[in-house]
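Since every read-out is calculated from the coordinates, none of them should be taken as a lab result. Values in this document were obtained by computation on a predicted structure and should not be read as measured data. As a convention, Cβ positions derive from the backbone with ideal geometry for all residues, glycine included, and neighbour counts pool all protein chains shown.
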Amino acid sequence: MKKNDIILMGHGGGGLMTGNLIRDFILKELGNPILNRLDDAACIDVPEQDLVFTTDSYVVDPIFFPGGNIGDLAVCGTVNDLVMQGAEPRYLSLALIIQEGLPLSDLRRVIESIRDITLDVGVQVVTGDTKVVEGGGKSGGLYINTSGIGVRMPGVDVSVSNAVEDDVIIVTGTMGDHGVAVMNEREGLGLQSSLISDTAPLWGLIKGLLEDGALVHSLRDPTRGGVAAALCDIAQSSSCSIRIDEKLLPIKAEVKGACGLLGLDPLNVANEGKALVVCPAGKKDAVLDVLKRHELGLDACVIGSVLSDPAGRVVMKTHAGGERIVDVPAGEDLPRIC
């Protein structure tokens with residue numbers, strides 16, 4: 001591959017090559033009046049609003065996987081963190097740490113996917129940074145850090161500490177799709193499957209629930225650590241107990257098969273386009289109606305309920321009729337899936 005087709009150390013030097021990279025790749029796809037100024041910080045005007053701020057880093061390997069890539073994963077992940085606090089996403093930062101030798105064509109694909117997601121959500125990239133690091137090692141060629149600012153809808157409080165007894169737990173779709181799709185691609189498992197990552201921005205799905213503040217008590221996206229970690233967060237933060245039923249869990253056959261083959265628990269596998277919704281039992285039909293009207297919520301279903309005791313514990317009724325405790329994963333079953 002020719003030198004003018006790949007990332008070189010000079011692209012991170014802050015000079016002419018850096019300027020060309022920013023102009024030809026970043027501004028071409030993501031340009032807007034704020035970003036185009038190329039100041040060291042973005043000046044945004046959000047008077048008298050309840051702001052929500054988040055940041056995250058993405059090191060997924062490989063950077064391209066069935067259903068997405070590191071670019072749309074980064075934007076969706078940050079957007080969804082804002083949405084899980086009841087906030088409309090407004091602004092993003094985008095920092096690229098690029099390994100020398102990355103094909104420029106790969107960078108262009110990533111930036112184009114970022115453009116597509118930001119246009120879909122209505123969020124703007126308003127500031128960022130670019131660094132180039134030396135090649136060597138298994139890095140996938142690109143890391144991304146994103147931060148996001150959103151405006152929380154008036155009167156909305158969907159903290160994980162708000163779950164109460166007699167609430168129900170709803171998951172908005174099938175579990176474990178992202179983690180298994182990335183693992184299959186990275187490890188070359190050869191699983192013959194149409195399974196793709198569920199990477200998606202959740203604002204369009206969730207905003208309908210937030211328009212009626214009484215519908216939802218808590219929201220959580222089950223990313224790293226999967227549904228298990230998310231449920232444990234809710235139970236611990238709300239000082240409640242959660243009981244789920246294995247028969248109710250929406251898990252695709254491909255995910256069950258891959259997890260069974262590799263000795264993984266689907267509850268621990270990451271999702272990047274799903275949410276857990278905790279709502280009053282009397283509101284579950286209204287919540288499901290809103291979710292199922294959106295393409296990302298067609299498989300939404302109730303998987304369990306909230307009890308008072310024992311506080312901080314999650315229990316699952318198994319297919320066999322017994323019970324087991326659901327714990328936060330002790331380590332990293334699937335490294336570098338986000």
Under 23 Å between alpha carbons - lysine pairs in region 160-325 that sit 8 or more apart or on different chains: 22
How do LEU298, LEU35, LEU92 rank when sorted from fewest to most other Cβ atoms within 10 Å of their own Cβ? LEU298, LEU35, LEU92
Rg/Rh of region 40-129 (Cα atoms, Kirkwood Rh), to two decimals, equals 0.98
Antiparallel bridge percentage (DSSP; both residues within the chain; nearest 5): 75 percent
About its Cα centre, region 3-152 carries a charge dipole, from +1 on Lys and Arg Cβ atoms and -1 on Asp and Glu Cβ atoms, whose size in debye to the nearest 20 is 320 debye
Would you list, by chain and number, the lysines whose Cα falls below 29 Å from the Cα of LYS28, excluding same-chain residues fewer than 8 positions away? LYS2, LYS3, LYS131
In what order do ILE242, ILE117 fall by count of nearby beta-carbon atoms within 10 Å, going from fewest to most? ILE117, ILE242
For the chain, the longest stretch holding no trypsin sites (Lys or Arg not before Pro) located in a DSSP loop with at most 12 other Cβ atoms within 10 Å is which? 139-292
Tell me, HIS217, HIS294, HIS319, HIS178 in order of fewest to most beta-carbon neighbours within 10 Å? HIS319, HIS294, HIS217, HIS178
Only helices counted: for the chain, with every DSSP H run of 4 or more residues adding -39500 (n - 2.57) and the sum spread over all residues, [θ] at 222 nm is -8000 deg cm²/dmol
Can you tell me the FRET efficiency between LEU191 and GLU48 if r is taken as the Cβ-Cβ distance and R0 is 41 Å, rounded to the nearest 0.05? 0.20
Take every DSSP beta bridge with both residues inside region 3-152 and express the antiparallel ones as a percent of the total, to the nearest 5. 70 percent
Mind grabbing the base-10 log of I(q)/I(0) for region 160-325 at q = 0.09, 0.14, 0.18, 0.20 Å⁻¹? Debye formula, identical points on the C-alpha positions, no solvent, two decimal places. -0.28, -0.69, -1.11, -1.31
